[in-house]
Amino acid sequence: MLNLPPGIAGLLEIMARLRDPQRGCPWDVEQTFATIVPYTIEEAYEVADAVDRGDRDALKDELGDLLLQVVFHARMAQEEGAFGFDDVVAAISDKMVRRHPHVFGEASVEDAQAQTAAWEELKRREREAAGEADASALAGIARGLPEWQRAVKLQKRAATVGFDWPAPTPVIAKLHEEIEEVRAEFDAVAAAPDDAAARDRLEEEIGDVLFVCANLARHAKVDVGAALRRANLKFERRFRAMELQAAQDGMALAELPLERQDDYWEQAKRAERGE
């Protein structure tokens, strides 16, 4: 066993050994920023999943996996001579102090909403000081975000200059309007299945529906990702219950017509409600 120093220092040494061109792990050595990014995103979602499940042991493990991703990226940057882990820590520490003058300085904020506005203004000034030419209210929203998250960020930024619905009611009306437009494009595709333009319009209209749904969640102060995770978990739970009940009845779900499958779905729903 390696005689490693404790804590972060030991983790950094482990990563250095894994990336050693002569004695390291072949898989770790051949990785690049681009190949590691999908794992970084995956680990962030696994942290969210552990939080959703309330599993603190899993959360500890998943946070460790996410920290390893930070160390991995920092090690690759250090090998390039760009920056190291200490620079990452210094950068985020400086940013937290700089963006919280009401905690580390003499400024004051009334509440969390005012702090959010002040945070966005500080970010805007930082971009301006860095010489960024994009002066749009939408500047700085990363294109690498999951699209549902980017949709919400775009909407929030637009709202800072007053471009926003005043309440959920007109958002719901807009959702109905977009659904009707989707319906019309489905009819167009059905009438001309080989029409690429019709399929393109259908994709665009479905995108509009999803964008408005994200906006509706924002107005409801509901996290889109958390809401969709709950919907996914509910679907999975009920579908597995359908499969189990069908098997107990001596049948395979795949062999049943949709009407019978719907019966099992309703049975699963009633069982969840304790009926």
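The values are calculated or read from the model by the stated rules, or taken from the named source; none is laboratory data. Every value quoted in this text rests on a predicted model; they were computed, and no experiment measured them. Cβ sites come from the backbone with ideal geometry, for glycine too, and all protein chains shown count toward neighbours. Areas reflect the complete protein model, heavy atoms only, side chains present, ligands, DNA and RNA absent. Shrake-Rupley method; radii C 1.70, N 1.55, O 1.52, S 1.80 Å.
Data overview
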read-out	value
Value of Rg/Rh across the chain [Cα atoms, Kirkwood radius]	1.04
Accessible area (Å², per residue) of the chain, counting only protein heavy atoms and a probe of 1.4 Å	68 Å²
VAL89 paired with LEU233, simple spin-label distance in nm, labels 7 Å along Cα-to-beta-carbon	3.4 nm
Principal axis dimensions, segment 109-148 - Cα atoms, whole angstrom, descending	31, 29, 13
Student exercise, segment 60-195 dipole from Lys, Arg, Asp, Glu Cβ charges, in Debye to nearest 20	560 debye
Flagged links, alpha-carbon separation over 18 Å, of LYS60/LYS234; LYS60/LYS153; LYS123/LYS153; LYS60/LYS221	LYS60/LYS234; LYS60/LYS153; LYS60/LYS221
Theoretical ellipticity at 222 nm over the chain - DSSP helices of four or more residues, -39500 (n - 2.57) apiece, nearest 500	-24500 deg cm²/dmol
Over the chain, relative contact order from alpha-carbon pairs under 8 Å, at least 6 apart, %	9 percent
Dipole magnitude (debye, nearest 20) for segment 226-273, charges at Cβ of Lys, Arg, Asp, Glu	460 debye
Simple label model, 7 Å out from Cα along Cβ direction - ARG143 to VAL70, nm	2.7 nm
Carbon and sulfur %, accessible surface of the chain computed with the full protein complex present, 1.4 Å	57 percent
Paramagnetic reach from GLN248 in segment 260-275 [backbone N under 15 Å; point 7 Å along Cα→Cβ]	264-275
Given charges at Cβ of Lys, Arg, Asp, Glu: segment 134-222 dipole, positive-most of TRP165, ALA197, PHE186	TRP165
Electrostatic dipole magnitude of the chain [Cβ: Lys, Arg +1; Asp, Glu -1; Cα centre; debye, to 20]	880 debye
Hz values of 3J(HN,Hα) by residue in segment 93-101 - Karplus curve (6.51, -1.76, 1.60), Gly and Pro given as x	5, 4, 5, 5, 5, 5, 8, 10, x
Between segment 3-79 and segment 208-262, the alpha-carbon center distance in angstrom	33 Å
Highest-MSF residue in the chain out of LEU244, LEU210, LEU63 [GNM, Cα springs under 10 Å]	LEU244
VAL47-THR116 FRET efficiency (beta carbon distance; Förster radius 25 Å; 0.05 resolution)	0.65
